[in-house]
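The next block holds one structure in the form of structure tokens; read it before the comments.
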Amino acid sequence: MFVVLEGVDGCGKTTQAVRIADWLRGQGKVVFLTAEPTAGKIGVFLRQILAGKEHVDPKTLALLFTADRAEHLRTEVEPALAAGKIVVSERYYYSTIAYQAAQGVDRQWLISLNSFARKPDVTLLLDVDPRLGASRSSRAEIFENEGFLGKVRAEYLALRGQMTVIDASAPVDVAFSQIRSRLAPLL
């Protein structure tokens, strides 16, 4: 099973990904926990861009995220799935679509660009008000401001028919209960 967590910065993806992995391991499942951008060369460069140390235009940024995703799938996700592991990933192609569309890149082009990517079995959109997300974020990345996160959230919500929406403004345990309810029938 391939589970993806999406949402604006500060929505709780890391917290919930770890909780999901711990819960699944407690159920006797073998879990591979991962994230995008990756720790590979492209992912490291992307993190430099996100930290404001490098600059590229939004279309180039989308291409870089997609290249990192192709490597992520080839070297980590597909091998883990083939080995029978449950893969839990913080971010995937919906992030590229939401963030770069919020920067003005054509959404249909972004969707087409990522058409090669394996469809997740479950995508959880951890939905939170951008003000709360921005206040929770601590990495000081280029996108972590309330105004921009509002645009990103709108882009995510435009795609919500492809995801399960979780109220991430709720207390962590309450949000996790919603997640567990969604995942339990699939085990």
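The values are calculated or read from the model by the stated rules, or taken from the named source; none is laboratory data. All figures in this text were calculated on a predicted structure; none of them were measured in a lab. Neighbour counts are summed over all protein chains in view; Cβ atoms, including those assigned to glycine, are modelled from backbone coordinates with ideal geometry.
Points worth noting:
- Test: residue in the range 29-46 that is closer than 23 Å to SER177 by Cα and of a type in the set (Lys, Arg): yes
- In the set (1) out of contact with any Asp or Glu (no Cβ under 7 Å at 6 or more places or on another chain); (2) at pLDDT 95 or above; (3) hydrophobic (A, V, I, L, M, F, W, C), the condition left unmet by ILE166 is number (1).
- For the condition of a type in the set (Ser, Thr, Tyr), exposed (fewer than 13 other Cβ atoms within 10 Å of the Cβ), in contact (Cβ under 8 Å) with a residue 12 or more places away in the chain and out of contact with any strand residue (DSSP E or B) (no Cβ under 9 Å at 6 or more places or on another chain), THR66 does not qualify.
- Residues satisfying the criterion are present in the range 41-56 (criterion: on the phi > 0 side of the Ramachandran plot and out of contact with any Ser or Thr (no Cβ under 9 Å at 6 or more places or on another chain)).
- Inter-residue pairs, beta-carbon under 8 Å, first among the polar types (S, T, N, Q) and in the range 144-170, second part of a loop (DSSP other than H, G, I, E, B), 6+ apart: SER169/VAL128; SER169/ASP129
- Residues being buried (at least 17 other Cβ atoms within 10 Å of the Cβ), at pLDDT 95 or above and assigned to a helix (DSSP H, G or I) - total across the range 111-150: 1
- For HIS72, the conditions (1) in contact with a strand residue (DSSP E or B) (Cβ under 9 Å, 6 or more places away or on another chain); (2) touching a residue at least 40 places away in the same chain (Cβ under 8 Å) all hold with the exception of (2).
- When VAL18, VAL77, VAL44 are screened for being part of a helix (DSSP H, G or I), of a type in the set (Val, Ile, Thr) and free of Cβ contacts under 8 Å to residues at least 12 places away in the same chain, only VAL44 passes.
- Filtered by the rule that a residue be buried (at least 21 other Cβ atoms within 10 Å of the Cβ) and of a type in the set (Val, Ile, Thr), the range 1-30 gives VAL3, VAL4, VAL8, ILE20.
- Within the range 4-43, considering residues that are among the hydroxyl-bearing types (Ser, Thr, Tyr) and farther than 20 Å from LEU61 by Cα, the one farthest from the chain's Cα centre (by Cα): THR15
- Hits in the range 80-110 - residues which are exposed (fewer than 15 other Cβ atoms within 10 Å of the Cβ) and not in a loop (DSSP other than H, G, I, E, B): ALA82, GLN108, TRP109
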